[in-house]
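What follows is a short report on a single structure.
The values are calculated or read from the model by the stated rules, or taken from the named source; none is laboratory data. These figures come from a predicted structure and were not determined experimentally. Here the Cβ is made from the backbone with ideal geometry for all residues, glycine too, and neighbour counts use every protein chain on show. Ligands, DNA and RNA are excluded from the accessible area calculation, which covers all protein heavy atoms including side chains. Shrake-Rupley method; radii C 1.70, N 1.55, O 1.52, S 1.80 Å.
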Amino acid sequence: MTEHIKSAKQIAAGLILHNGKVLIAQRKRGKDLALYWELPGGKLEQGETLEQCLKRELLEEMALPIEVDKFFMQSVYDYQFGTFAINAFLAHSVTDNIPILSAHEQYKWIKPKEMVNYKFPPADIPIIENFIKIHSDL
């Protein structure tokens with residue numbers, strides 16, 4: 001692992017599936033990358049694994065319990081406000097509950113192929129492109 005990647009802020013992001021659709025969330029106004037759509041997740045905290053981080057973030061930000069299935073891929077991107085390593089995991093919702101938002105403008109459950117219709121941060125794009133290739137049947 002290069003020093004560049006080691007120094008990046010580690011983010012756990014979920015490709016969260018439920019009934020053949022994937023969960024996306026719109027970033028709040030006033031934040032970096034405001035109103036961009038993103039894969040839900042957040043920053044890794046001291047002492048937790050990326051999988052634990054993803055589960056915690058979904059509970060905190062959306063009151064949505066999930067199960068993490070497996071690591072999908074990592075994307076590293078240098079923004080003006082810092083370098084971020086997005087660690088994407090395949091996951092699934094374990095409930096039919098509607099997410100309760102505390103950190104996003106809105107959310108949507110969409111078919112993977114519809115992801116191309118939304119504006120995502122540059123770090124998410126390689127993840128989404130690979131995900132769409134694999135799930136083009138949905």
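Computed values, structure above
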item	result
Average accessible area per residue (Å²) across region 80-138 - probe 1.4 Å, nucleic acids and ligands excluded	54 Å²
Choice from Gly14, Gly30, Gly41 showing the highest fluctuation, given a GNM over the chain with Cα pairs closer than 10 Å	Gly30
Ellipticity estimate at 222 nm from DSSP helix runs (n ≥ 4, -39,500 (n - 2.57)) divided over the chain, nearest 500	-6000 deg cm²/dmol
Candidate lysines - alpha carbon under 28 Å from Lys133, same-chain residues fewer than 8 apart omitted	Lys9, Lys21, Lys43, Lys55, Lys70, Lys108, Lys111, Lys113, Lys119
Candidates per chymotrypsin sites (Phe, Trp or Tyr not before Pro) in region 1-101, loop by DSSP, up to 10 other Cβ within 10 Å	Phe81
Linear extension gain, His18 paired with Glu129, 0.36 nm per residue minus alpha-carbon span	38.0 nm
Backbone N under 13 Å from the Tyr77 label point (7 Å along Cα→Cβ), restricted to region 33-52	33-40
Charge dipole (debye, nearest 20) of region 1-102; +1 at Cβ of Lys and Arg, -1 at Cβ of Asp and Glu	260 debye
Mean Cα-pair separation over length for region 62-138, i.e. relative contact order, pairs under 8 Å, 6 or more apart, %	33 percent
The chain: relative contact order in percent, alpha carbon pairs under 8 Å with at least 6 residues between	31 percent
Counting DSSP beta bridges with both ends in region 1-122, the antiparallel % (nearest 5)	75 percent
